[in-house]
There are 2 protein chains.
Amino acid sequence: MKRLDCASCNIKSSAAKTLNVAELSIMGEHCSEVKFKKGETIFKENAFSSNIVYLKHGIVKIHIEGPNSEQIIKISKAPTYLGIPTTFDEKINRYSATALENTTVCFISLEMFKQFIRNNADFSYEIIVDLCKSELDSFNNTVNRAQKNISGRVADAILFFHKEIYKSKEFQIPISRIEFGNFVDTSRESVCRVLTDLDNGKIVKVRGKKITILDLELLKTISKNG
Amino acid sequence: MKRLDCASCNIKSSAAKTLNVAELSIMGEHCSEVKFKKGETIFKENAFSSNIVYLKHGIVKIHIEGPNSEQIIKISKAPTYLGIPTTFDEKINRYSATALENTTVCFISLEMFKQFIRNNADFSYEIIVDLCKSELDSFNNTVNRAQKNISGRVADAILFFHKEIYKSKEFQIPISRIEFGNFVDTSRESVCRVLTDLDNGKIVKVRGKKITILDLELLKTISKNG
DNA sequence: AACAATTTGTGATAATCATCACGTTTTTTA
DNA sequence: TAAAAAACGTGATGATTATCACAAATTGTT
C-alpha cells in the first residue's frame, strides 16, 4: 500500500484537521490514494467493503439500483466522505459511487478509522456534524422530490449545480439526460421538455450539456412553485 | 428541572449504555422527562432548540411542512433519539415531531450531550452507528418513494407497520388516511382506493384503522412490483 | 342521546407525466 | 474520417394519479 503523507495534505476533512502529526502519520500508513476517470466506478452496491472513502477531488454520483431504474440519490463534490454509512454499519455497500469527472479519492482502512473515532472524540465530533448535515439534506430532499412537479425539480437541480457544485451561472452539467431523469425522478423525455421550455422562456440557456442561467430569480420561483 | 435517575433507567440507548454510573448521574441532572398525549407536538420545525430528544416510550411522526402539504418523513418507535441532526448542527429545528400515541421523552441538554461526545469516544461511536443506520434507511426510502407506484408504496407502509412497529399481523394504524397519504406521497383518496383493493383481494383486511394482514407473501409481491 | 365536526369511501373528471416512435445530433471507435 | 453507437429532441398517445364532489361513517361534544 502506497504510503501517503497526510500531514501535508491541504484538503483535509474537518475531522482530519483535529488529528496531530503523529496521528496523521498513522493515517498515511493506512490510506491509499486512487485516481478515477469520468464514468469509472469508485465502489459498487453489494460489493464487500472495508474502507472509508474520502473524495479529495472531483464530483461523483451516489446511486442505488431501483426496481425500475438507477436511482441517483445525490451528487457530491469534493472534499467529502463518500462511504461512511455504507461501510460503518454493514459489511456490504448499500449504494454505488461513480465518478462524474476525473476524481481522486483516498481509501482509508475502516479499522483505523474506527480506532480514531474510539480514541479521538474531537474527530468523532466532526464526523457526527457531517452525518447530521447529510441527514438534514436528505430530509429536505424527500420533501422536494415528493411535493414538487417536474419543472420545479428540474429547476431545483439546475440551482443545485449552480449553488453547490459550480458556483457559477454557466457550467456543463456532468450527467446525461437519462441520469438527469434518474436524479430528479422523471423520464429522460420529460427532462428534455422542461429544459426546452426553460430555454424558450429565456430563463436558462440550454445548449446540450452547457447551461447558462439567464434569470436566476425566475428560476427560483419555478423551483418553488413548479 | 426534575432530577432523573438515569442509572436505573432500563431503556437506555446503546450510547447511554457506554456511560458509567458517575456519567449517568451527571446526565440525570441535565435531563427532564416529559409525557405527551397522542397528537401533541414534541418539538416543532423552525422553533429554537437546545435539547437532544430521546424517545423512551411511544410512536412519533417526523414531519416537515412542504410546499403543498405536510410531509411525513418517517415514523419512529421508541427507543430512539429523535432530534440529533436537528439540534446538532442548527439553532432551529428543521423538522417537527408529533406523538402518534401517548409517549414519554427525555429532553437532554445539548451542551451536556456534546460534552459526552467530546469526552467519551465509545458514546460517540454508538451515536455514529445510529446516524449511519438512519442515513441508509433514508436512502432506501428515496428509492422506494421515487420508483414504486401507489399500490407498492401503500403495501410498503403496511409492511413497515407490521415489521418495524407492531411486529404483528394485526394492528391499528396510528395515522389518519390524510397522514397515510402524506407518508407515502399520495392523496387521501388514493390511499382509500388501494386499501379497498387490498381488502377486496383478501390480501389485507381493512376495517377503519384496524389492519389484518391475510396474505403476507402477496403483500410483499405488491410491495415489490406494484 | 343528539348534534356538530371530522374522517372516510367512492364515482366522475381532469391534469400530469410516462411511454412509444422516430428523426436528428453528438460522441465513440475502428 | 467514416461507420456505428449513444444521446438527444419532440410529437402522439395512454396510464396513472390528483382533484372535485358528495354521501356515509365515525368521533367528539354538550
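Working note: Cα gyration tensor of the range B:6-144, eigenvalues times five, square-rooted, sorted largest first, giving semi-axes of 25, 17, 14 Å.
Taken along its three principal axes, the alpha carbon spread of the range B:94-137 comes to 35, 27, 20 Å, from the longest extent down to the shortest. For A:Arg193, the distances from its label point to the matching points in the remaining copies are 2.0 nm, ordered from shortest, with each point set 7 Å beyond Cα toward Cβ. Please name which of B:Asn200, B:Phe160, B:Ile178 has its Cα lying farthest along the dipole of the range B:155-226 towards the positive end, using unit charges on Cβ (Lys, Arg +1; Asp, Glu -1) and the Cα centre as origin. It is B:Asn200, whose Cα lies furthest towards the positive end.
Taking a sphere under 11 Å around the Cβ of A:Arg153 and counting the other residues whose Cβ falls inside, with K and R at +1 and D and E at -1, yields a net charge of 0. Helical content alone sets the calculated 222 nm signal of chain B at -12500 deg cm²/dmol, taking -39,500 (n - 2.57) per DSSP H segment of four or more residues and averaging over every residue.
For the range A:148-225, pairs of C-alpha atoms spaced more than 22 angstrom apart make up 9 percent of the total.
The stretch between B:Lys91 and B:Leu159 holds 20.9 nm of extra length on full extension. This uses 0.36 nm per residue minus the Cα-Cα distance.
Summing Cβ point charges (Lys, Arg +1; Asp, Glu -1) relative to the Cα centre of the range A:87-180 gives a dipole of roughly 320 debye. Take the Cα of B:Phe48, step 7 Å toward its Cβ, do the same at B:Ser69, and the gap between the two points is 3.5 nm. On a per residue basis, the convex hull of the C-alpha atoms belonging to the protein assembly as shown measures out at 146 Å³. Each other copy places its own label point for A:Glu111 at 4.2 nm from this one, sorted shortest first, where the point lies 7 Å along the Cα-to-beta carbon line. Ascending distances from the A:Ser8 label point to its copies in the other chains, with the point 7 Å along the Cα-to-beta-carbon line: 6.1 nm.
Relative to the Cα centre, the charge distribution of the protein assembly as shown, modelled as +1 at Lys and Arg Cβ and -1 at Asp and Glu Cβ, gives a dipole magnitude of about 860 debye.
Computed from the C-beta positions of B:Glu29 and A:Lys17 and an R0 of 41 Å, the FRET efficiency is 0.80 to the nearest 0.05. Using amide H atoms built 1.01 Å from N in the peptide plane, name the residues 5+ places from A:Lys74, or on other chains, whose amide H lies under 5 Å from its own. So A:Lys74 has HN proximity to A:Ile62. Summarising the label geometry, the points placed 7 Å from Cα in the beta-carbon direction at A:Lys114 and B:Leu216 lie 3.2 nm from one another.
Between B:Ser49 and B:Asn93, the built amide H atoms are under 5 Å apart, and every one of these is 5 or more places off in sequence or on another chain. 3J(HN,Hα) along the range A:51-68: 9, 7, 10, 10, 8, 8, 9, x, 10, 9, 9, 9, 9, 10, 6, x, x, 10 Hz, from the Karplus curve 6.51 cos²θ - 1.76 cosθ + 1.60 with θ = phi - 60°, whole Hz, x for Gly and Pro.
Read-outs: derived from the displayed coordinates by stated rules, not from any lab. Please read these numbers as outputs of a predicted model, since none were measured by experiment. Backbone-built Cβ (ideal geometry, glycine too); neighbour counts: all protein chains shown.
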